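Taking it in order: structure first as structure tokens, then the write-up.
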Amino acid sequence: MAQLVLQDVRKRFGKVEVIHGVDLEVKDGEFVVFVGPSGCGKSTLLRMIAGLEEVSGGDVVIGDERMNEVAPSDRGIAMVFQSYALYPHKDVYGNMAFALRHAGEDKKVIDERVRKAADILGLEDLLKRRPKELSGGQRQRVAIGRAIVRDPAIFLFDEPLSNLDAALRVQMRVEILRLHQRLKTTMVYVTHDQVEAMTLADRIVVLRDGRIEQVGTPLELYHHPKNQFVAGFIGSPRMNFLPARAAGEGRVTAAGSGPIEMPVEPRAEAGELTLGIRPEHVEMVAPGQGTVAGEVLVAERLGGETFLHVELDGKETVVVKADGGVTQKPADRVGLRFPPEALHLFGGDGQAFARRERQGVIA
Amino acid sequence: MSTVDTTRARRGRMGRLGAAAGVHAVLLAYTIIAIFPVLIVVLNSFKNRRGIFTEPLALPRTETFSVEGYATVLTEGNFLLYYSNSLIVTVVSLFLILLFGAMAAHALSEYRFKLNALLGVYLILGIMVPIRLGTVAILQLMVDLSLVNTLISLILVYTAQGLPIAVFILTEFMRTLSRDIKDCARVDGLSEYRIFFEVVLPLVRPVLATVAVFSMIPIWNDLWFPLILASSDATKTVTLGVQQFIGQYTVNWSAVLASLSIAILPVLVLYAIFSRQLISGITAGAVKG
Amino acid sequence: MTEIVEQAIGRSRTARRRRKTGGITHIAVFLAPTVLIYSIFSIYPLIESLRLSLFDGQPDGSAVWIGLGNYATLLFDANWAVRFWNALWNNLILFFIHMIVQNPLGLLLAALLSLAPRFGGTYRTLIFVPTLLSVVIVGFVWELILSPLWGVAEGMMSAVGLGWLYAPWLGLEDSALTAVSLISVWQYVGIPMMLIYAALLSIPDELLDAARVDGLSGFAIFWKIKLPLILPTLGIVAILTYIGNFTSAFDLIYSIQGVLGPPDYSTDIMGTLMFRTFFGQQTQIGDIHMGATVASMMFFIILIGVTIYLLGVQRRLTRYEM
Ligand SMILES: Nc1ncnc2c1ncn2[C@@H]1O[C@H](COP(=O)(O)OP(=O)(O)OP(=O)(O)O)[C@@H](O)[C@H]1O
Ligand SMILES: [Mg+2]
């Protein structure tokens, strides 16, 4: 059953419309992640779900009730903010108990719920501390604990990990994932970090300029991006794009290559085409073999893997994810093979050609 | 690498020492100029007449020590009453300035509504235009309201006078508060009023203290409005009381000096308590505008 | 999906009443006390003063509309004009002395303090002390110190061989205004000092480090980096000085010299003129309409200054993001 439904939700600030009609259904217990570049409207959308921002058009339904005019505290949601938003004048216990105390909940119930949340998050020893006596990770844990205590139907997270350093971010990511497995509560999570999105989400919602570009599981988005924007946004390093031309019979040429067989359904397309291939799918072969050839510009060695930036003879640059031990140096010539089953093709409007089911690469 | 005391290094060090000495010389000289007059008044207030005139610069000694001035002030002047008047006026005005000012600043910084920008400008006008220019009409207004020679008249005027700058400073500061924490309180179910009292006010407390000190000085020290609105004996403030006391006792120097000291001391004590707050407040936000 | 939403809409109508979002009552409640008090006791009196200045009082207590008649009297009637122009001129001198003594002194002290010398906090605290005191007190303190009766000033100057320079400055027509101005400078220099000091502190350290690496000396850093960055603050200080001239200067002169601005009106300023006109004095009975006229003139004069500042000075003083 749907836990959260957005129907044609719109938001205007004055005359400017920043959310242009969003439709979305989130199922009970689902972990949905909104991603998109800065300013695309992720926070605004989340805040409309929370009731912190008035809805200019459309409907927000939570459970089975239309919530457009309902106050945030009556929507059965809890929210975790990027800046933690802990009350500086209350200790950890006070912060976690605050909403319940305010709601006039029984003291014993409050204590039980706070202690349980503290137990889940390993905060037992910090209950008497003030927020300023906590590290960033601890603060974020308290902010999450405060949300847990309210026992909401939906958790809303707005970039909760952005203020943490890289190592802590990975650790907290795992904790949030475990929390979801344990509580099985619906969660809506906003981030601009596609790695967070891929690792956390049951389904990802990719937003751009106040519109949904695509909704799907992480692997759906990875393998079947609907358009060039999603293809470029999901995956790291990002997909290589090369201008291409139709060469008849479902084939294209790109960057001075011969005709390449494309694994896509044919479509009448007049405009310019774009060929897409992810760095991890490009294979390095001896110069003269493979689909195209070029010269290594830069080799970024990360130890376990190496990213080679290769300048093709047509002057386009392609990033290749290669083994950590490759010996190629800048100025070396290499051949690159594009396995046909890993290729994506986009029309002049940026829309992807529907791909045939992939074998090989997935398996 | 071994350290070699090059000529350049030595010259640099000497230069720095010289500069530091210069800095201290100037600051020290001006500091003496700043506090010498205050010191000399307070010191001499503890001397008898002879001591005051024969050795004005010396510390009180056993022969010259005397508190006769204070005795005169306390018996002749009604200073306890004046103090309590000043205290009532200052404390109540400050309370109203801070409460109402913070409420208005919260509204201006937190909510989007049509008149927001216009109201902001309207309120800030008062910083530019001294309230004294309306004295003629204020007096008439107070006569009409039968508030002449009441402390209430002073409180109302000082509140009106203090609000613009308080709203201005507090608005600037509240704009920097994280929106998240207020939203979080909303999700927690607090009404907008409780958000203001329970979340916003505690967060702006340090700035409130600064605004308090700033607003206090002109209220405590004002001569104009007590003179015009509340010069009756029952409503005199310390400043006005001292002014008139000195007018009567010009020849009794110990009494004059004692009354001056009595007016100075509480301000100095308060300043000693709040000075760190004041400085950090000024450096934090007051000059942003 | 549409079905779900329609059902939900139906249900939300019947659902128990819940608190609503939005509404503007609380905004009005937050603003009302400030707007009311400020409007009634600050803005209305100002407007009322402007209105009163357009009327003339009659012996029977009524008032008749005379347009700008009072202003004509103030500016052109021989008795009034001489007082008005004298007071305005004295105000301008007062302003000028503050600008060339108080503000540079404040800048110097702030610059020295911003070097973070030892005991900087103590210096700063002590230098600010006079600012806290009532002008009444300040006035009397200096009157006593400068008084030939007590002889503190004379004695101290003699001690350093400058006794011949001493004169009872407050009582002499040529020096009274300057003496009063300098007392006022002594009292208020703490304000520009603090404002400028705060502005200097807000300059990021990295910027100064960068300048140092670029080879600028301490002095050059001050002139070429710090000063341009604090120009807006200096602008604010200037306009505050200007406004202060027309308000707080009254208290000082009133308490040192009294309401007539002696000797011979040499320390008479707009504030004392307004007070005298309004409340009267020995030879003249109070006149609220002329008082309102003087107040309104002060309002216009302040307005001219503020306008010049806002249009001319402030626009040109670029505010840099720091
Ligand atoms: N209060 C507001 N008034 C006017 N415009 C706003 C307001 N809040 C947001 N916007 C605009 O709405 C758009 C979406 O903003 P939003 O904060 O939702 O972006 P976001 O996707 O969360 O970005 P980020 O990743 O940077 O947090 C932006 O163009 C922003 O400028
Ligand atoms: Mg955001």
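The values are calculated or read from the model by the stated rules, or taken from the named source; none is laboratory data. Computed from a predicted structure; not experimentally measured. Here the Cβ is made from the backbone with ideal geometry for all residues, glycine too, and neighbour counts use every protein chain on show. Remember, those area values only see protein heavy atoms, side chains included, never the ligands or the DNA or RNA. Shrake-Rupley method; radii C 1.70, N 1.55, O 1.52, S 1.80 Å.
Accessible surface buried at the B:A interface totals approximately 1700 Å², computed with a 1.4 Å probe on protein heavy atoms. Remark: accessible area buried at the C-B interface is about 7900 Å², both chains counted, probe radius 1.4 Å.
Computed with every protein chain present, the accessible area of B:F113 is close to 50 Å² [probe 1.4 Å]. Answer rounded, prolate or oblate for chain C, using the Cα gyration tensor with square roots of eigenvalues a ≥ b ≥ c: rounded when a/c is under 1.5, else prolate when a/b is larger than b/c, else oblate. Oblate, because a/c is 1.5 or more while a/b does not exceed b/c. A simple spin-label model places pseudo-atoms 7 Å from Cα toward Cβ; at B:V91 and C:F119 they are separated by 3.7 nm. The 1.4 Å probe gives accessible areas that order B:K47, A:K90, largest first, as A:K90, B:K47.
For A:R238 and B:Y193, a Förster radius of 51 Å and the Cβ-Cβ distance give a FRET efficiency of 0.55, rounded to the nearest 0.05. Checked against a 26 Å cut-off, the cross-linked pairs A:K90/B:K182; A:K132/A:K184; A:K42/A:K107; A:K90/A:K116; A:K42/B:K182 give Cα-Cα distances beyond that limit for A:K132/A:K184; A:K42/A:K107.
Measuring nothing but how far apart in sequence close Cα pairs (under 8 Å, 6+ apart) lie, relative to its length, chain C scores a relative contact order of 23 percent.
Shielding of peptide C:119-128 by partners, expressed as the average count of other chain Cβ atoms within 10 Å per residue Cβ, is 5. Please state, as a whole number in µm²/s, the translational diffusion coefficient that the Stokes-Einstein equation yields for the protein assembly as shown at 25 °C and 0.890 mPa s, with Rh defined as the Kirkwood radius across alpha carbon pairs. Reported coefficient: 72 µm²/s. Comparing the full protein assembly with the isolated chain, the residues of the range B:111-134 losing at least 40 square angstrom of accessible surface (1.4 Å probe) are B:Y111, B:R112, B:Y122, B:L123, B:M128, B:V129, B:P130, B:R132, B:L133. Solvent-accessible area assigned to carbon and sulfur over the range C:78-321 amounts to 68 percent, based on a 1.4 Å probe. Between A:A342, A:A331, A:A197, the residue with the greatest mean-square fluctuation in the GNM of chain A (Cα pairs under 10 Å linked by springs) is A:A331.
Keeping all protein chains in place, calculate the accessible area per residue for the protein assembly as shown (probe 1.4 angstrom), answer in Å². In whole numbers, the protein assembly as shown has 45 Å² accessible per residue. Within the accessible area of the range B:74-283, the carbon and sulfur atoms contribute 68%, probe 1.4 Å, all protein chains present. With the charge dipole of the protein assembly as shown set up from +1 on Lys and Arg Cβ and -1 on Asp and Glu Cβ about the Cα centre, the Cα lying farthest toward the positive end among the listed residues B:I124, A:A342, B:H24 is that of B:H24.
Projecting the Cα atoms of C:S62, C:F246, B:V238 onto the dipole axis of the protein assembly as shown, where Lys and Arg carry +1 and Asp and Glu carry -1 at the beta carbon, places B:V238 farthest toward the positive end. Dipole magnitude for the range B:74-283: about 380 debye, using +1 per Lys or Arg Cβ and -1 per Asp or Glu Cβ, origin at the Cα centre. Per q in 0.21, 0.26, 0.35 Å⁻¹, report the Debye log10 I(q)/I(0) for the range B:152-194, using one uniform scatterer on each alpha carbon and no solvent. Those come out to -0.76, -0.86, -1.05, one per q. Judged by the gyration tensor of its Cα atoms, with axes a ≥ b ≥ c, the range B:19-112 is oblate; a/c meets the 1.5 cut and b/c is at least as large as a/b. Taking GluC sites (Glu not before Pro) as exposed when their DSSP state is a loop state and no more than 16 other Cβ atoms lie within 10 Å, the longest site-free interval of chain A runs over A:106-248. Entry note, chain A: the mean residue ellipticity at 222 nm calculated from DSSP H runs of n ≥ 4, each adding -39500 (n - 2.57), is -7000 deg cm²/dmol after division by the residues and rounding to the nearest 500. Out of every Cα-Cα pair that the range A:66-141 contains, those further apart than 22 angstrom amount to 27 percent.
Interface burial in the range C:234-280 reaches 30 Å² or more for C:I243, C:T247, C:F250, C:D251, C:Y254, C:M274, C:F275, C:F278, C:F279, comparing the full protein assembly with the chain by itself; accessible area from heavy atoms with a 1.4 Å probe. Residue separation of A:R130 and A:Q289 scaled by 0.36 nm, minus their Cα-Cα distance, works out to 50.8 nm of gained length.
Taking label positions 7 Å along the Cα-Cβ direction at both C:A32 and B:A25, the computed distance is 6.4 nm, reported to one decimal. Interface residues of the range B:173-191, defined as those losing at least 20 Å² of solvent-accessible heavy-atom surface relative to the isolated chain (probe radius 1.4 Å), are listed as B:R179, B:D180, B:I181, B:D183, B:C184, B:R186, B:V187, B:D188, B:G189, B:L190. With a 1.4 Å probe rolled over the protein heavy atoms of all chains, the accessible area of A:R129, A:R173 falls in the order A:R129, A:R173, largest first. Applying a length cut-off of 27 Å (Cα extent along the axis) and a mean Kyte-Doolittle floor of -1.0 to the DSSP H helices of chain C leaves C:78-97, C:227-257, C:288-307.
Given a 1.4 Å probe and the protein chains as shown, A:Y222 ends up with an accessible area of around 40 Å². Keeping the other protein chains in place, figure out the carbon and sulfur percent of the accessible area of the range A:4-228, with a 1.4 Å probe. In the range A:4-228, the share of accessible area belonging to carbon and sulfur is 45 percent. For the pair A:D209 and A:R245, label points projected 7 Å from Cα toward Cβ lie 2.9 nm apart. Solvent-accessible area of A:D313, all protein chains in place: 100 Å² (probe radius 1.4 Å, heavy atoms, ligands and nucleic acids excluded). Normalised by residue count, the range C:222-315 yields a Cα convex hull volume of 110 Å³ per residue. Roughly how much accessible area, to the nearest 100 Å², goes out of reach of solvent when A and C pair up, both sides summed, probe 1.4 Å? Heavy-atom accessible area buried at this interface is about 1500 Å². Among A:A322, B:W220, A:V5, whose Cα lies farthest out toward the positive end of the dipole of the protein assembly as shown, if unit charges sit on the beta carbon of Lys, Arg (+1) and Asp, Glu (-1)? Ranked along the dipole, the leading option is A:A322.
Orientation-averaged projection of chain A equals 21.8 nm² [convex hull of Cα atoms, one quarter of hull surface area]. Counting only protein chain heavy atoms and rolling a 1.4 Å probe, the accessible areas of C:Y38, C:Y71, C:Y265 rank, largest first, as C:Y265, C:Y71, C:Y38.
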